[in-house]
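Novice: Got a structure here, written out as C-alpha cells. Questions coming.
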Amino acid sequence: MKKENSKKKQKNKRIEKSKNNKTPRSRTRTYIYVLIVVWTLTLAASLTWGLLAIKRSELSVVRNQARGIAKTFRVFFQWNANNGGVYVPISSFNKPNPHLTRLIPDRDVVTTSGKRLTLIDPPYMIEQVQKIMSTQKMGYFVHLESLKFQHEKTKPDPWEREALIALKKGKKEVSSVQKVDGKEAMRLMRPMIIEKVCIKCHAEQDDKIGDIRGGISVTAFLESTVRSERGQYFAVIFGNVFVWLLGLVGLIIGGRGLIRAESNVLKSENSLKEAQKVARLGNWDLDIKTNKLTWSDEVYSIFGLNPQEFVSTFEIFMKIVHPSDRKFVKKSIDKALKDK
C-alpha cells in the first residue's frame, strides 16, 4: 500500500513538473501563432489594397480613353454637320441614306464628269466609321443612340436607355463597367445636343436648339488594358508575398529563440525549486507600494499553507512568524529597507 502511494506521489510530481515545463512554452507558441496570423492578415490586406488600387487605375485609364474617343467623334460629327454633310461616291459601302430622301432634295447628285455622289450626314458617317472599326478589332466601338429611335434595329439596350434618361435629367456623362458579349467593358455615354445646323433634319421631330437629342455611346473592352497592367499585378503580388515570407521566417526564427530562452528560464526555476526543497529554504519579495508579498513554493510549504487558498501580505506574514521572532524579523526588514 505504501509503495502504491509512493508511486502515485512520484507520478503526480512528474505530471506537475511536466505541466510546469509545458505551460510557458505553449503560451509562447500561442503568441507566435497569433503574430503569424496577424502578419498574414496584414499582408493580405496590403495585397488586396494594392490590387484594388491597380484595378481603380485601370478603370480610370479606360474611362479616360472612352471619354477621349467620345469627344473625338463629337468633333467629327460637328465638322460634318457644319458642312451640311459630305458628298461621297456611291458604292456598295456608300449607299444612299433612305432617311434623307424627304429631308434633303439633293441627297444624290451627279458631277459634271458624270460621277454619282450621295450625301453622308453625321449619324450615317458615325455608322460607317463604326463598321470599319469593327473589322479592325480596335477594342472599342462607337455609335449614336436616342430614345427617339427610327426602327427596332437602332433601339437602345437597357443600359443605354438608363444612360439616356440620366442625360435628359442633366447628367454630363454616364459610365460603368458592364458585361458585353461575355467580356468586361467600360461603357460611357455623353450627350448629343441639338444645334442650329441640326434643325434642318430634326425639325419634324419637334426638336429644339439646346435639346438633348441622344447620346454618343462608347464601349471600350478592358481586356487590352488588362494585358498592359499584368506587369503591375505581378509586381504587387510578388512584392507582398516576398515581404510576407521574409516576416514569416523572422517570426519563426525569433520564436524558436524565445522558446529556447523560456525553456532555459524554466529549467533554472525548477532547479531552484528543487534546491529549496532539499535545503528547506524559500525566497520572497515585498512590494512596498502595494504591500504585496510574493513567496516561492517552498515558503508556503514551510508554513504549511496552500498557495491557492492563501493571499500573502506583510501583516499576515508577521502574524505567522513565531511571536519570539517577530521583533528580529521586523528589525531585519527595516534595516534592509534603510540600507537600500
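Novice: Take Val142 and decide whether it is surrounded by 12 or more Cβ atoms within 10 Å (Cβ to Cβ) and at pLDDT 85 or above.
Specialist: Numbers: surrounded by 12 or more Cβ atoms within 10 Å (Cβ to Cβ): yes; at pLDDT 85 or above: yes.
Yes: the conditions hold for Val142.
Novice: Continuing with this model, one more query. So for segment 266-280 (the condition being modelled with pLDDT under 70 and not in a helix (DSSP H, G or I)), does at least one residue qualify?
Specialist: yes
Novice: Have a look at Ile104, Ile126, Ile120 and point out the one that is β-branched (Val, Ile, Thr), touching a residue at least 12 places away in the same chain (Cβ under 8 Å) and in contact with a Phe, Trp or Tyr (Cβ under 7 Å, 6 or more places away or on another chain). So that I can check it myself, show each step before the final result.
Specialist: Details: Ile104 fails: in contact with a Phe, Trp or Tyr (Cβ under 7 Å, 6 or more places away or on another chain); Ile120 fails: in contact with a Phe, Trp or Tyr (Cβ under 7 Å, 6 or more places away or on another chain).
Of Ile104, Ile126, Ile120, the one residue that is β-branched (Val, Ile, Thr), touching a residue at least 12 places away in the same chain (Cβ under 8 Å) and in contact with a Phe, Trp or Tyr (Cβ under 7 Å, 6 or more places away or on another chain) is Ile126.
Novice: Quick one: how many residues across segment 73-88 are on the phi < 0 side of the Ramachandran plot and either in contact with a Lys or Arg (Cβ under 9 Å, 6 or more places away or on another chain) or surrounded by 13 or more Cβ atoms within 10 Å (Cβ to Cβ) (or both)? Step through it out loud before you land on a result.
Specialist: As a first pass, look at segment 73-88 and keep what is on the phi < 0 side of the Ramachandran plot: 73-83, 86-88.
If we keep only those that are either in contact with a Lys or Arg (Cβ under 9 Å, 6 or more places away or on another chain) or surrounded by 13 or more Cβ atoms within 10 Å (Cβ to Cβ) (or both) too, we end up with 73-74, 76-78, 80-81, 86-88.
Residues meeting the conditions: 10.
Novice: Which of the residues that make up segment 89-115 are surrounded by 14 or more Cβ atoms within 10 Å (Cβ to Cβ) and basic (Lys, Arg)?
Specialist: Correct list: Arg107 only.
Novice: Would you pick out the residues in segment 56-80 that are out of contact with any helix residue (DSSP H, G or I) (no Cβ under 6 Å at 6 or more places or on another chain) and polar (S, T, N, Q)?
Specialist: Ser57, Ser60, Asn64, Gln65, Thr72, Gln78
The values are calculated or read from the model by the stated rules, or taken from the named source; none is laboratory data. Everything numeric here is computed off the predicted structure, so don't read it as measured data. Note: ideal-geometry Cβ built from the backbone for every residue, glycine included; neighbour counts use all protein chains shown.
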